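Structure, as structure tokens:
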Amino acid sequence: MVLNSGERADCITNFYSVEFDFAKKYYEAIGQSLLCFIDSNKLPAIVLILENKKYRQYLYRLMVVASKYNIKA
């Protein structure tokens with residue numbers, strides 16, 4: 001879905017703007033979810049796709065930032 005600012009949101013629900021991304025791009029998912037939050041007034045959320053167990057480190061990094069900025073992860 002394209003928002004008013006031209007930003008792309010992967011999924012918009014009644015309450016959340018959800019960004020889906022692969023684990024290695026967790027930092028892009030954070031930025032995109034916050035931009036969509038500002039533009040849509042929906043709470044930011046991220047679904048991180050872990051292709052295997054070695055990518056769990058990215059999930060942990062995401063969780064640190066998500067807890068600080070109230071991103072549902």
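Residues that are of a type in the set (V, I, T) and surrounded by 13 or more Cβ atoms within 10 Å (Cβ to Cβ): does region 56-64 have at least one? No: region 56-64 contains no residue that is of a type in the set (V, I, T) and surrounded by 13 or more Cβ atoms within 10 Å (Cβ to Cβ). Select from region 25-37 the residues that are of a type in the set (A, V, I, L, M) and closer than 22 Å to N14 by Cβ and write down the one among them that is least open to solvent (accessible area, probe 1.4 Å). The extreme case among them is A29.
Within region 38-55, restricting attention to residues that are open to solvent by 80 Å² or more (accessible area, probe 1.4 Å) and under 18 Å from F15 (Cβ atoms), the residue that is modelled with the highest pLDDT is L43.
Residues are listed down the side, and each one gets a yes or a no for (1) touching a helix residue (DSSP H, G or I) at 6+ places or on another chain (Cβ under 7 Å); (2) free of Cβ contacts under 8 Å to residues at least 12 places away in the same chain:
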{"residue": "I12", "(1), (2)": "yes, no"}
{"residue": "E19", "(1), (2)": "yes, no"}
{"residue": "F22", "(1), (2)": "no, no"}
{"residue": "E28", "(1), (2)": "no, yes"}
{"residue": "C36", "(1), (2)": "no, no"}
{"residue": "P44", "(1), (2)": "yes, no"}
{"residue": "L59", "(1), (2)": "yes, no"}
{"residue": "S67", "(1), (2)": "no, yes"}
{"residue": "A73", "(1), (2)": "yes, no"}
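Residues in region 33-45 that are farther than 17 Å from L59 by Cβ, in a helix (DSSP H, G or I) and not β-branched (V, I, T): L34, L35, C36, F37, D39, S40.
In region 4-19, the residue that is surrounded by the fewest Cβ atoms within 10 Å (Cβ to Cβ) out of those that are touching an Asp or Glu at 6+ places or on another chain (Cβ under 6 Å) and under 10 Å from L35 (Cβ atoms) is S5. So is F22 open to solvent by 70 Å² or more (accessible area, probe 1.4 Å), closer than 24 Å to N4 by Cβ and in contact with a Leu (Cβ under 8 Å, 6 or more places away or on another chain) or not? In short, no.
The values are calculated or read from the model by the stated rules, or taken from the named source; none is laboratory data. Just so we're clear, the structure is a prediction, and the values are computed from it rather than from any experiment. Don't worry about glycine lacking a Cβ; one is built from the backbone with ideal geometry, like all the others, and counts go over all protein chains shown. We work out accessible area using only protein heavy atoms, side chains counted, and drop any ligands, DNA or RNA first. Shrake-Rupley method; radii C 1.70, N 1.55, O 1.52, S 1.80 Å.
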